[in-house]
Amino acid sequence: MNAVTRPLAGIGRATVDSVAGIGYAGMLLLESLYFAAMGWRVGQPLRIRSVFEQMRQIGVDALPIVTLLAMTIGIMLGIQFIAALSEFGAQSQVVVAVAKSVTREFGALITAILVAGRSGSALAARIGSMSVSQEVDALATMGIEPVRYLAAPALLAMLLMLPILTVFADVVAIVGAALYSSPSLNVTPTAYLMQTLALLSPGDIWQGIAKAGVFAVLITLIGVSTGFSVTGGAEGVGRATTRSVVLSICYIIVADMIFSFFLNR
Amino acid sequence: MIESMTSIPAPLIEVHKLEAWYGRRRILHGVDFQVNPGEIRVIMGGSGSGKSTLLRHLLGLHKPRSGTVRLLGVDIGKATEREMLDICKQIGVSFQGGALLTSLSVGDNVALPLREHTKLDENTIRIMSRLKLEVVNLGGFQDLMPSQLSGGMIKRAALARAIVMDPKLLFFDEPSAGLDPVVSAELDELILRLRDALRMTIVVVTHELESAFKIADTITVLDQGNILMTGTVDAVRKSDNERIQDLLNRRPREIQVDADAYLKRLTEEEAV
């Protein structure tokens, strides 16, 4: 190979790898859904218990940190919108600006990034170290489909918990904004919240929930597929964990932009 | 008539012209062999002989690219999911590093196949898994986590998990790797006991000569992806094959240098 063909070969290899990665993730998605729906027919039933266990890890355990961040984001948005809108004397518009931006954008985005960092990486690390120590092989030879046992519960749990966390984050962020901005707007926090409720349409909330569903699939598939494809021992597990977080966050933000574009035309 | 049929039972494992590749490197060059019910077969060979690859094919973890692997009479290259599951329920595997699930206690690890594949009630499952732990001399250790066990205990716990479904066929990958001589001798005794008490057919992959000679009924010697010979312990010991004698006497093999390939490797040209 010479200096010209080497970079070309590199590009080709990277392209093939990424297409293969997407294909592999798609296959994992289909297999997980298949086992969730039909697994009991082929002797590979999805254990409800492990779904609940994952729901606790992904959802319930994340509540404190989601509360903290959502509250902070709410207050931050309150500060920025009051500062920006008061220049035009349009302070009263703070309520609608916060309500729409939180439900459509920030609630889902912040929650997804947080869950990608917490649970996506945990999935990659757990499955990665299991691949390295032959635990995944052991499952397969015991007649326990690794995808059914490891991926499907996580996918279901993520699909259920991420939208719930998102709605929770919406509420907390708006409460945060209400607590900060109501004195400057000369209203009580209760009045602020009532006004928010009057201004929001179901479509705003649904937009966040729909995004959360897509993010849930992205986080799980990236975590699980990087985990299953780990090679190279402990170092490989570390690399996969980092890779899953970086990839998840990139995909989440890009998907968010595409979503926002099509939903707000 | 019937007697003659039962006296020659069908082999549990039949491998025919199996080839395996990693990328462009051929690991197995058309391997043929079979394992009959009730025997302890040791697959022996040095590092890079292809024995781990062969084992992965026997376990169905790799599908053969060419050739066939029949396990318990079923061609695993063509088996349906259901057939594969039925095979998996009848084989047990003890991996080199144990491969116990680190998130479960020893008892839960051993009980896992029962929980997943049977409808037994919890009490029966608990008793059965403790029974198997007793068989491998780990009675009372069910509540410990795998990280709290020593290397030898992990292997024994893995063995307990492998035999908990009373498999017809047991695979054992490197039973003595990383263990001190006493513990590995104990493990060899355990393997012999299992065959006699539970009438299992056992396939052991190892490079440890001493343990191979102690437990084997028949030995298959693998070298650079080819089977050099399959025979009884005595036949292997007396073999006049140079490579087998190298292996038995721990002699380093003579490395032949292919000048062209050597040059190509140095200049990074693609070897053809």
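Structure summary
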quantity: Those residues of the stretch A:27-52 which are in a helix (DSSP H, G or I) and on the phi > 0 side of the Ramachandran plot, in sequence order; calculated: none
quantity: Subset of the stretch A:134-169 [among the small types (Gly, Ala, Ser) and either open to solvent by 50 Å² or more (accessible area, probe 1.4 Å) or more than 10 Å from chain B (Cβ to nearest Cβ) (or both)]; calculated: A:Ala151, A:Ala152, A:Ala154, A:Ala157, A:Ala169
quantity: Filter result (within 18 Å of B:Gly231 (Cα to Cα) and open to solvent by 10 Å² or more (accessible area, probe 1.4 Å)) within the stretch B:42-51; calculated: B:Gly46, B:Lys51
quantity: Single residue of A:Ser184, A:Ser131, A:Ser201, A:Ser101 found to be closer than 23 Å to A:Gly232 by Cα, open to solvent by 10 Å² or more (accessible area, probe 1.4 Å) and not β-branched (Val, Ile, Thr); calculated: A:Ser131
quantity: Odd one out for B:Asn137 among (1) open to solvent by less than 70 Å² (accessible area, probe 1.4 Å); (2) polar (S, T, N, Q); (3) more than 12 Å from every other protein chain (Cβ to nearest Cβ); calculated: (1)
quantity: Residue among A:Ala90, A:Ala3 that is surrounded by fewer than 12 Cβ atoms within 10 Å (Cβ to Cβ) and free of Cβ contacts under 8 Å to residues at least 40 places away in the same chain; calculated: A:Ala3
quantity: Enumeration of residues in the stretch B:55-95 that are within 8 Å of chain A (Cβ to nearest Cβ), crowded, with 19+ Cβ neighbours inside 10 Å and part of a loop (DSSP other than H, G, I, E, B); calculated: B:Leu59, B:Gly60
quantity: All positions within the stretch B:200-230 that are among the hydroxyl-bearing types (Ser, Thr, Tyr) and touching a Ser or Thr at 6+ places or on another chain (Cβ under 8 Å); calculated: B:Thr206, B:Ser211, B:Thr218, B:Thr220, B:Thr230
quantity: The one condition in (1) at pLDDT below 95; (2) in contact with a Ser or Thr (Cβ under 7 Å, 6 or more places away or on another chain) that A:Val172 fails to fulfil; calculated: (1)
quantity: Number of the exception - B:Asp121 against (1) away from chain A (no Cβ under 14 Å); (2) closer than 25 Å to B:Asp188 by Cβ; (3) open to solvent by 10 Å² or more (accessible area, probe 1.4 Å); (4) not hydroxyl-bearing (Ser, Thr, Tyr); calculated: (2)
quantity: Checklist (1) buried (at least 19 other Cβ atoms within 10 Å of the Cβ); (2) more than 19 Å from A:Val42 (Cβ to Cβ); (3) within 13 Å of chain A (Cβ to nearest Cβ) applied to B:Thr102, failing item; calculated: (1)
quantity: Residue check, B:Leu149 open to solvent by 30 Å² or more (accessible area, probe 1.4 Å) and modelled with pLDDT of 90 or more; calculated: no
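For every residue, the table says whether it meets (1) touching a residue at least 24 places away in the same chain (Cβ under 8 Å); (2) more than 29 Å from A:Ala198 (Cβ to Cβ); (3) in a helix (DSSP H, G or I).
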| site | (1), (2), (3) |
| --- | --- |
| A:Ser131 | yes, yes, yes |
| A:Val136 | yes, yes, yes |
| A:Ala140 | no, yes, yes |
| A:Ile144 | yes, yes, no |
| A:Tyr149 | yes, yes, yes |
| A:Pro153 | yes, yes, yes |
| A:Val172 | yes, no, yes |
| A:Val175 | yes, no, yes |
| A:Ser184 | yes, no, yes |
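So that you can scan it fast, the table gives a plain yes or no per residue for (1) in a helix (DSSP H, G or I); (2) farther than 18 Å from B:Ser105 by Cβ; (3) over 24 Å from the mean Cα position of the chain (by Cα):
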site	(1), (2), (3)
B:Ile127	yes, no, yes
B:Lys132	yes, no, no
B:Phe141	no, no, yes
B:Leu144	no, no, yes
B:Ile154	yes, no, no
B:Arg161	yes, no, no
B:Met165	no, yes, no
B:Phe171	no, yes, no
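The values are calculated or read from the model by the stated rules, or taken from the named source; none is laboratory data. All of these numbers come straight from a predicted model, not from anything done at the bench. All Cβ positions, even for glycine, are placed from backbone atoms using ideal geometry, and neighbour counts span all protein chains on display. These accessible areas exclude ligands, DNA and RNA; they are computed on the full protein's heavy atoms, side chains included. Shrake-Rupley method; radii C 1.70, N 1.55, O 1.52, S 1.80 Å.
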